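The values are calculated or read from the model by the stated rules, or taken from the named source; none is laboratory data. Keep in mind it's a predicted model, so treat the numbers as computed, not measured. Reconstructed Cβ throughout: ideal geometry from the backbone, glycine too, with neighbour counts over all protein chains shown.
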Amino acid sequence: MNLSPILTPLTYGRNIKKQFWKSKKSVVERLMGRLMVAGHKGKKHWRTSNINTGKSITIYNIVKDAFSIIKQKTNKNPAQVLVEAIEHGSPREGITTIEYGGVRYPKPVEISPQRRVDLTLRWIAQSAFATSSSSKAKKSITQALANEIISTAKNDAANSVCIKKKIELERQAEASR
């Protein structure tokens with residue numbers, strides 16, 4: 001995780017041709033990239049053509065407002081709260097599929113540090129979009145993102161979708177031993 005202080009978290013892909021280029025990007029910039037395209041859910045194109053897709057200034061303002069909400073609620077540095085959320089929300093084990101003799105077997109494997117951060121940021125972004133777009137919750141994306149980061153940092157399994165997904169993935173890995 002890169003936590004070097006920068007003025008604007010946008011590098012515009014300057015390091016993309018280097019090995020381990022994700023490690024050189026700031027965590028806040030990686031979160032912004034995840035919010036631009038929240039990703040696929042299963043095999044369906046879920047939130048790939050959202051109103052925020054490619055709008056870096058819109059995403060920058062969403063993250064900035066979410067960080068100000070985090071600062072008001074926790075009285076801590078928002079970047080520190082994000083790092084705590086990544087620490088608590090990242091799974092240690094995952095599952096890979098091994099095919100042997102035409103039969104597929106699930107096998108538990110340790111997850112690399114880069115993938116752990118990627119999974120956590122993906123789950124935070126997807127849960128923030130899902131919370132803000134549901135018809136029951138009348139929350140803005142900034143409020144939903146701030147609440148998800150705070151509840152993940154507190155390791156609250158009742159309110160954090162990221163923690164629930166981490167527990168479910170680790171439970172599946174334990175069951176496939």
* Asked: Out of all the residues in region 90-97, is one or more free of Cβ contacts under 8 Å to residues at least 60 places away in the same chain and of a type in the set (A, V, I, L, M, F, W, C)?
  -> no
* To do: State whether the residues of region 53-70 include one that is modelled with pLDDT of 95 or more, hydroxyl-bearing (Ser, Thr, Tyr) and either surrounded by fewer than 19 Cβ atoms within 10 Å (Cβ to Cβ) or more than 17 Å from the chain's Cα centre (by Cα) (or both).
  => yes
* Any chance Thr142 is touching a Gly at 6+ places or on another chain (Cβ under 6 Å), touching a residue at least 40 places away in the same chain (Cβ under 8 Å), buried (at least 16 other Cβ atoms within 10 Å of the Cβ) and hydroxyl-bearing (Ser, Thr, Tyr) -> no
